[in-house]
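The values are calculated or read from the model by the stated rules, or taken from the named source; none is laboratory data. Model, not experiment: these values are computed from the prediction. Note that we place each Cβ from the backbone using ideal geometry, even for glycine, and neighbour counts take in every protein chain shown. For accessibility, only protein heavy atoms count, side chains too; no ligands or nucleic acids. Shrake-Rupley method; radii C 1.70, N 1.55, O 1.52, S 1.80 Å.
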Amino acid sequence: MHPQKINGDFKGKNILSLDQFTPKDLSILFKITPKMKRIAKAAKPSKILEGTITTLLFYEPSSRTFGSFSAAVKQLGGQTVEIQNPQAFSSMAKGETFEDTIRVFEAYSDAIVIRHPTQGSAQKASEVTRFTPIISAGDGVGEHPTQALLDLFTIYEKWGRLDGLVGVLAGDLLNGRTIHSLIRGLLLFPKNTLYLLSPRQLRLSRVDFLSFSKRKIKLIEIESEKDMPKNAHFWYWTRVQKERFASLGEYEKVKNRFVVTKELLRKHGNKNMILMHPLPRVGEISTEVDSDERSVYLRSQIRNGMYIRMALLSLVLGKI
Ligand code: NCD
């Protein structure tokens, strides 16, 4: 898949992959994001998206991504059409094809945000629409570009840069789409090193590992906490993606192999790093570390989700 590059101009573009971005595109987005924070904190809604309708079409469960897109549109004075679980509640249940569903919502909306369990589905939707941009909110085990944008912004807010960083990415690297997008974002910048901590079965696919390794990023695969670097700028923990396993037994074998505890942070962390997680967590970060000031997953990381989506929608809809 080779979606169209942003090239400094977001207007009307589909947002499907971090491969579409350059450092310049990220800096355009990151310049607008703090303004969105101010708008969100102000009592009056902004009129940036007034007169626009964004359809949220979610074929997979979601609370954060769905909620933050919905809130982002409303903060900017736009409106939403919200469809969750269309397999059960829409004409799809009567046998309508994916393509027809997309065509129908294109007729109503200025943008369509889509989450779907099949890799490549957002791309497929973008091939059906003629004038309405598609924003992927996660395509199966593929990518989750808007999550990576908020993750990169969170790292940038803390460190003031996206190069020369050391990170630990842990958990389900094979199936985790947030991981696939985040690595694509970090390899746009020089001198980044990522330690990839996972059970062997959940390593990056060999295709991804080889293609990422050809870029200007150093990837070090590890299978034990004792090989973690002491000098990480961030840890990015993820959930083992239960819904991607063929059987519960296979999932049980690998779930929660690596759990962040106070002890792990004390032994392998450092005082300046941040601890991130896209959420939901299901035990892989112990609640005892929630109050640690390095834990950003329930604080800035989650808030940045709405701000970055406000900025992205304004740009894609050509309103800013
Ligand atoms: C992620 C997802 O859906 O991929 N959640 C999210 O959007 N914040 C991560 C996950 O489900 O593990």
Legend entry - Check on ASN231, within 16 Å of the ligand (Cβ to nearest atom) and either without any contact (Cβ under 8 Å) to a residue 12 or more places away in the chain or more than 26 Å from LEU29 (Cβ to Cβ) (or both): no
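Residue by residue through the range 185-213, note down the ones that are charged (D, E, K, R) and open to solvent by less than 40 Å² (accessible area, probe 1.4 Å).
Passing the criteria: only ASP208.
Taking the condition within 13 Å of the ligand (Cβ to nearest atom), among the hydrophobic types (A, V, I, L, M, F, W, C) and assigned to a helix (DSSP H, G or I), does MET306 pass?
Criteria met by MET306.
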Inset, instruction - State the number of residues belonging to the range 42-81 that are modelled with pLDDT of 95 or more, away from the ligand (no atom under 16 Å from the Cβ) and not hydroxyl-bearing (Ser, Thr, Tyr). - result: 14
Inset, instruction - Kindly indicate whether ARG244 is under 21 Å from the mean Cα position of the chain (by Cα) and open to solvent by 40 Å² or more (accessible area, probe 1.4 Å). - result: yes
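Which one of ALA71, ALA43, ALA88, ALA93 is outside the structural domain of ILE155 (by TED's automatic domain parsing) and open to solvent by less than 50 Å² (accessible area, probe 1.4 Å)? Steps first, please.
Numbers: ALA43 fails: open to solvent by less than 50 Å² (accessible area, probe 1.4 Å); ALA88 fails: open to solvent by less than 50 Å² (accessible area, probe 1.4 Å); ALA93 fails: open to solvent by less than 50 Å² (accessible area, probe 1.4 Å).
Only one candidate passes the filter, namely ALA71.
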Legend entry - Any helices (runs of 4 or more DSSP H) falling wholly within the range 90-201 and containing at least 1 residues that are within 12 Å of the ligand (Cβ to nearest atom): 145-159, 177-186
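Residue by residue through the range 209-228, note down the ones that are assigned to a loop (DSSP other than H, G, I, E, B), in contact with a strand residue (DSSP E or B) (Cβ under 7 Å, 6 or more places away or on another chain) and under 12 Å from LEU173 (Cβ atoms). Walk me through it before giving the result.
Residues of the range 209-228 assigned to a loop (DSSP other than H, G, I, E, B): 214-216, 223-224, 228.
Narrowing the set further to residues that are in contact with a strand residue (DSSP E or B) (Cβ under 7 Å, 6 or more places away or on another chain) leaves 228.
Correct list: empty.
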